[in-house]
1. If I filter segment 91-123 down to residues being free of Cβ contacts under 8 Å to residues at least 40 places away in the same chain, acidic (D, E) and part of a helix (DSSP H, G or I), which single residue comes out as surrounded by the most Cβ atoms within 10 Å (Cβ to Cβ)?
2. Looking only at segment 33-68, filter to residues that are of a type in the set (S, T, N, Q) and part of a loop (DSSP other than H, G, I, E, B); which one of those is nearest to A96 (Cα to Cα)?
3. Step by step: first the residues of segment 32-48, then only those that are touching a residue at least 24 places away in the same chain (Cβ under 8 Å) and in contact with an Asp or Glu (Cβ under 8 Å, 6 or more places away or on another chain), then the one that is surrounded by the fewest Cβ atoms within 10 Å (Cβ to Cβ). Which residue is that?
4. If you take the residues in segment 1-29 that are among the polar types (S, T, N, Q) and under 13 Å from the mean Cα position of the chain (by Cα), which one is surrounded by the most Cβ atoms within 10 Å (Cβ to Cβ)?
Amino acid sequence: MRAHVWVVRAGSRREVESTIALEESHLVVTAEDEGTTERIPLKRMTRARRVFGSPVLVIDLAGEGLPSRLIVYFAPPPPLDAEGFRARRKERRRNATYLGAASEETLAEIKAWVRAIRAARTD
């Protein structure tokens, strides 16, 4: 199983365009611009879930040297910064609309990833 995604690590505001692949015992995250590969053991994943109404998969992790959470966007993420209160409100509304529309296109794919990760963890 393989997908083109954007990954945001817990505590970071920077998304990294990546490819994720599910292997027998690892989730492999390859950053496209940096060319780096990270192998995350499935046994370190405590939870995988889809965020309702968005094209986002959240993977909670436990273990030394790992972020506590990976946020995986299956569509380009909206901008994370906006200037001023009115701009932030307008930007949030626009981002919610975008994420809702992108969710419809990626729903089946994200559900398949959640099922595959859960099944691989229990094997």
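We did not get these values from a lab; they are worked out from the coordinates using the rules stated. Not measured: the values here are computed from a predicted model. Note: ideal-geometry Cβ built from the backbone for every residue, glycine included; neighbour counts use all protein chains shown.
1. Only one residue tops the list, namely E91.
2. S54
3. Here the residue is M45.
4. Among those that are among the polar types (S, T, N, Q) and under 13 Å from the mean Cα position of the chain (by Cα), it is S18.
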